[in-house]
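Undergrad: First, the structure itself, so that you have it in front of you.
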Amino acid sequence: MSTIAPKFRLSRFVASLMNLILWILVLFTLIGLPLVFIVLFYIELPEINGELLTPYLALTWIADPSRTLPIIKSLLQTDFFRIAAFPGFGFAALLAAATIYIERKFLAKMQLRVGPLYCGKVEGILQLMSDGLKLISKEIIIPAKADKPIFWAAPLLFVGTAAALVSLIPVAPGWVVADVDVGLLAVFAVIGFFPIITVLSSWASNSKFPFIGGIRALHQMISFEIPLILSLLGIVILTGTLNLTEIVESQQHYWWIIFMPIGAIVFFITLLAELERIPFDLPEAESEIVAGWLTEFSGMMYGLVQLGSYVKLYAFAALFTILFLGGWSGPMVWPPFPQEIITEGITMGPITMKIPGLPLLDQEMLNATLWFVIKTVGVIMVILLPRGVFPRIRIDLLLHTGWYKLIGLAFVNIFIALALLYAGVLGPGGLIQ
Amino acid sequence: MTTQLPPGMQLERVDERIMTLNVGPQHPGSGHMRLIIKVDGDYIVSCDPDPGYVHRGEEKMAEYRNYIQNIPHLERPVIHDSCNILYPYCLAVEELLGIEVPERAKYIRVIASELNRCVYTLYWLSIYGIFLGHSTMFMWPMGDRELLIDLLEALSGARVTHAYFVPGGVRNDTPSNFEERCLRQVNYFEKRLKEYEDIFYQNPVLKQRTEGTGILSRMDAIRLGTTGSVLRSAGVDFDIRKKEPYDVYENLDFQSQVLKEGDSYARSRVPYLDMLESCRIIKDALKKMPKSGSVRTKLKPNPKGGNDEAYRRVESGRGALGMYVVSDNKIEPYRVKISVGSFRNMICMPYLLKGEKLGNMPAVYWSLNYWPVEADR
């Protein structure tokens, strides 16, 4: 007789139930309560029928949607939500995770493979989660002679810098974490911070291969930052602003890629180099220098660097969308909010519920986000493509490309922009004001 | 008192300009070997290959087994090319024992050895692809290799270690539908090879990177004693299948592939051209093969050789592969000496890598068509 299932016993069943309840309580106390307090700390409590919704009325929020929705609405207005969730890090990390999955499946299709297949039953959709769990559970090993504080700080700084880049990206009109007037300059400043982290971490690890990788990364990033900045000068000349939101608004009718294709190409190539993607993945060239400046990172430190690099990938793709592809502008495709829900309420069987707080988000913002995501994902797909086609380039050819070809092309782009301005095609009185 | 540490293990001063890198044996860019590389900035000052991590004493083992028992372990140095490494042994033992090989067996041997050359070259090519960071070229040859492995499996029953050649012919006859299947898959394989040309050999980045790096001149190639694709890419027309034809190669229609440049690009291209030529040989051999007949000459139990010696060599995937077999009236050989192409091609590595950039190291190293396990034997 096989003993696959043990015999049912009431005492064990009760014990397991109690166990379950205990875990729910523990998790709620550890995660749920701090979350609730954070929310309460940040939101402005709304006033309904002359009555302030205090936390003492918390249970009535759950029962009554007309009281829950104002709370959610005021949560959406907070800076905390913007930084942690929507235009900020949460949204970027979500898109980055999707990018990793898409990259793996997409490359697999190119290379006659299947890619992740088993984890999560449907086409390996949970593979990323299992990889993340594996990285978290791994031991972090630090070289004996490493400069420990800097070595520990490097992955966190890398993710933080990538997140700083994300915070400057406007996703929809008004939906940006930091709407600064010198947005483009701030972007350049944040990009200029990456080589410092790379060199610091490679020097701090006190190992030969990371050191060579770090020096390579420094060469690569510095020689590609100049064409990167020059390729965007054309846009600044024509729009007369550095604010990213205003740059998007200037492209309501024509995208800048139509007038400045050379600038777009130069920016795209420098973007590949800044992201250390094939064919410019010299700092991580595994057949030459093991894993370059990532060699000594292990466990979740490596995971954080990977997360940071994919968040950076999203930020650069979003930057390309904003500067050359018109950002969120696009025809209205999002269906309007059904007004009868507000006027007549939702009928669920015998109950008719009127919810005055709807809609949470307006149609314009949702449409803008949709177009932004579509364009950004398109750019990300094009960024992923060279990995299946090109081998790695060599460092001298890379520097040659950066200093001779790309800088020259960037200057050609600036002259085209100036010519368009003086010919009156663009600028005051032209196609685009 | 200072103890002299082995090379590559000495401690060095931090402020020295020249840095020593141990590439291997635990490095993604090395095989089962170590390269002690000294770099000055991005330039390689000197390179000292350090093989011997997978020495298995195959030659000594061969002295304790009889002529038939030696077959399965002698293919171990390079299991991807097992037919070609057994070929010279079988030829030499046949010469020693005075065995005649049936005509059909000779053709089957040629087909199997050419298929195995393609299998080996695809494996080599996929690693060359990933060494240069071209991940598609890593996956495609690995996938297409399966087709040819299936053919060899149908022939011999094993996927990699075939042990198919025996002194006196081949172990067993072909299955009934082998010829049509072989022709179909080789035709498909030729079509795939054209796609490799588009994505890899005509790739502008690859050409930029490998053309003009690690140039081996014609005289150096001869003087350093290189063989196979390294020698033929330096402009020396030396293909043993043409120069010293064994079995039925003289009846078959093929060209030996020679390029003049002698750089890593040419060295990586000659094996590719060889694969195309192998397809021609297989198709020609399938046409000319006798449709029926014996494939194996029956041997006496425990055959004995006289007081004699024999040296035979063949063109393997990595160049000339020779076996020198000495017998002294016993059922075991007195000595088996394997002369492999890998070791002879490795010798020119320090000459080629000196003065190159570090980024060229994988491109030059793997283009030498070097298989560390075979070099150590």
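The values are calculated or read from the model by the stated rules, or taken from the named source; none is laboratory data. Only a predicted model underlies this, so the values are computations on that prediction, with no experimental measurement involved. Neighbour counts are summed over all protein chains in view; Cβ atoms, including those assigned to glycine, are modelled from backbone coordinates with ideal geometry.
Undergrad: Sort through A:Ala163, A:Ala146, A:Ala178 and tell me the only one that's crowded, with 16+ Cβ neighbours inside 10 Å, part of a helix (DSSP H, G or I) and modelled with pLDDT under 90.
TA: After ruling out the rest, the residue left standing is A:Ala163.
Undergrad: Where residues in segment B:329-377 are in a loop (DSSP other than H, G, I, E, B) and within 14 Å of chain A (Cβ to nearest Cβ), which of them is nearest to B:Leu125 (Cα to Cα)? Explain how you work it out, then say what you get.
TA: We begin by selecting, within segment B:329-377, every residue in a loop (DSSP other than H, G, I, E, B); these are B:329-332, B:340, B:347-348, B:354-356, B:368-371, B:377.
If we keep only those that are within 14 Å of chain A (Cβ to nearest Cβ) as well, we get B:355-356.
Values: B:Gly355: 25, B:Glu356: 22 Å.
Ranking the candidates gives B:Glu356 first.
Undergrad: Need the failing condition index for B:Leu147 against (1) within 13 Å of chain A (Cβ to nearest Cβ); (2) under 26 Å from B:Asp239 (Cα atoms); (3) among the aliphatic types (A, V, I, L, M), just the number.
TA: (2)
Undergrad: Return the total of residues in segment B:18-33 being at the interface with chain A (Cβ under 9 Å from one of its Cβ atoms) and among the β-branched types (Val, Ile, Thr).
TA: 2
Undergrad: Also, I was wondering about something else. For segment B:198-218, enumerate the residues that are within 14 Å of chain A (Cβ to nearest Cβ) and in a helix (DSSP H, G or I). Give the steps one after another, and end with the answer.
TA: Of all residues in segment B:198-218, those within 14 Å of chain A (Cβ to nearest Cβ) come to B:198-214.
Residues satisfying the conditions are B:Asp198, B:Ile199, B:Phe200, B:Tyr201, B:Pro204, B:Val205, B:Leu206, B:Lys207, B:Gln208, B:Arg209, B:Thr210.
Undergrad: Within segment B:316-334, does at least one residue satisfy the condition of being basic (Lys, Arg), closer than 28 Å to B:Glu59 by Cα, buried (at least 24 other Cβ atoms within 10 Å of the Cβ) and within 13 Å of the chain's Cα centre (by Cα)?
TA: The answer is yes; a qualifying residue exists.
Undergrad: Give segment A:227-256 a look and list any residue that's farther than 19 Å from A:Ala368 by Cβ and either aliphatic (A, V, I, L, M) or within 14 Å of chain B (Cβ to nearest Cβ) (or both), or say none.
TA: Answer for segment A:227-256, where residues must be farther than 19 Å from A:Ala368 by Cβ and either aliphatic (A, V, I, L, M) or within 14 Å of chain B (Cβ to nearest Cβ) (or both): A:Leu228, A:Ile229, A:Leu230, A:Leu232, A:Leu233, A:Ile235, A:Val236, A:Ile237, A:Leu238, A:Leu242.
Undergrad: Additional query: Of the numbered conditions (1) within 14 Å of another protein chain (Cβ to nearest Cβ); (2) at pLDDT 90 or above; (3) over 18 Å from the mean Cα position of the chain (by Cα), B:Leu125 fails exactly one; give the number of that condition.
TA: Failed condition: (3).
Undergrad: Please specify each residue of segment A:213-269 satisfying the condition of being more than 22 Å from the chain's Cα centre (by Cα) and charged (D, E, K, R).
TA: Hit for segment A:213-269 is A:Arg216, nothing else.
Undergrad: Quick check on this structure: which one of B:Val236, B:Val186 is more than 14 Å from chain A (Cβ to nearest Cβ), out of contact with any strand residue (DSSP E or B) (no Cβ under 8 Å at 6 or more places or on another chain) and surrounded by 21 or more Cβ atoms within 10 Å (Cβ to Cβ)?
TA: B:Val186
Undergrad: Give, as residue ranges, the helices (runs of 4 or more DSSP H) completely inside segment A:19-127 that count at least 1 residues that are hydroxyl-bearing (Ser, Thr, Tyr) and farther than 30 Å from B:Pro141 by Cβ.
TA: Correct list: A:33-42, A:58-63, A:65-76.
Undergrad: Residue by residue through segment B:34-71, note down the ones that are within 14 Å of chain A (Cβ to nearest Cβ), assigned to a loop (DSSP other than H, G, I, E, B) and touching a helix residue (DSSP H, G or I) at 6+ places or on another chain (Cβ under 8 Å).
TA: Passing the criteria: only B:Asp42.
Undergrad: Would you check if there is a residue in segment A:186-199 being crowded, with 23+ Cβ neighbours inside 10 Å and not hydrophobic (A, V, I, L, M, F, W, C)?
TA: Looking through segment A:186-199, at least one residue is crowded, with 23+ Cβ neighbours inside 10 Å and not hydrophobic (A, V, I, L, M, F, W, C).
Undergrad: Ok, one more. Consider A:Gln251 against the criteria (1) out of contact with any helix residue (DSSP H, G or I) (no Cβ under 8 Å at 6 or more places or on another chain); (2) crowded, with 17+ Cβ neighbours inside 10 Å; (3) assigned to a helix (DSSP H, G or I): it satisfies all of them except one. Which criterion is unmet?
TA: Failing condition for A:Gln251: (3).
Residue-wise test of (1) surrounded by fewer than 22 Cβ atoms within 10 Å (Cβ to Cβ); (2) more than 14 Å from chain A (Cβ to nearest Cβ); (3) within 30 Å of B:Gly24 (Cα to Cα).
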{"site": "B:Phe131", "(1), (2), (3)": "no, no, yes"}
{"site": "B:Ser135", "(1), (2), (3)": "yes, no, yes"}
{"site": "B:Ala154", "(1), (2), (3)": "yes, yes, no"}
{"site": "B:Val160", "(1), (2), (3)": "yes, yes, yes"}
{"site": "B:Tyr164", "(1), (2), (3)": "no, yes, no"}
{"site": "B:Gly169", "(1), (2), (3)": "no, yes, no"}
{"site": "B:Asp173", "(1), (2), (3)": "yes, yes, no"}
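Undergrad: What helices (runs of 4 or more DSSP H), lying completely within segment A:282-343, carry at least 3 residues that are buried (at least 24 other Cβ atoms within 10 Å of the Cβ)?
TA: Helices (runs of 4 or more DSSP H) meeting the threshold: A:300-324.
Undergrad: Residues that are closer than 23 Å to A:Phe86 by Cα and either within 22 Å of the chain's Cα centre (by Cα) or within 14 Å of chain B (Cβ to nearest Cβ) (or both): does segment A:191-201 have at least one? Break it down into steps so the answer makes sense when it comes.
TA: If we filter segment A:191-201 for residues that are closer than 23 Å to A:Phe86 by Cα, which is where we start, we get A:191.
Next, from what is left, pick out any that are either within 22 Å of the chain's Cα centre (by Cα) or within 14 Å of chain B (Cβ to nearest Cβ) (or both): A:191.
Scanning segment A:191-201 turns up at least one residue that is closer than 23 Å to A:Phe86 by Cα and either within 22 Å of the chain's Cα centre (by Cα) or within 14 Å of chain B (Cβ to nearest Cβ) (or both).
Undergrad: Another question about this same structure. If I go through segment A:266-292 residue by residue, how many of them are away from chain B (no Cβ under 13 Å) and at pLDDT below 85?
TA: Residues that pass the stated criteria total 0.
Undergrad: Just one of (1) within 14 Å of chain B (Cβ to nearest Cβ); (2) in contact with a Gly (Cβ under 9 Å, 6 or more places away or on another chain); (3) surrounded by fewer than 16 Cβ atoms within 10 Å (Cβ to Cβ); (4) not polar (S, T, N, Q) trips up A:Glu139, so point out which.
TA: Tallying (1) within 14 Å of chain B (Cβ to nearest Cβ); (2) in contact with a Gly (Cβ under 9 Å, 6 or more places away or on another chain); (3) surrounded by fewer than 16 Cβ atoms within 10 Å (Cβ to Cβ); (4) not polar (S, T, N, Q), A:Glu139 fails exactly one: (1).
Undergrad: Ok, one more. For segment A:381-430, name all the residues that are assigned to a helix (DSSP H, G or I), without any contact (Cβ under 8 Å) to a residue 24 or more places away in the chain and more than 14 Å from every other protein chain (Cβ to nearest Cβ). Please lay out each step first, then the result.
TA: Going residue by residue through segment A:381-430, those that are assigned to a helix (DSSP H, G or I) are A:381-388, A:395-423.
If we keep only those that are without any contact (Cβ under 8 Å) to a residue 24 or more places away in the chain too, we end up with A:385, A:396-397, A:400, A:404-405, A:408, A:415, A:419, A:422-423.
Those that are assigned to a helix (DSSP H, G or I), without any contact (Cβ under 8 Å) to a residue 24 or more places away in the chain and more than 14 Å from every other protein chain (Cβ to nearest Cβ): A:Gly408, A:Phe415, A:Ala419, A:Tyr422, A:Ala423.
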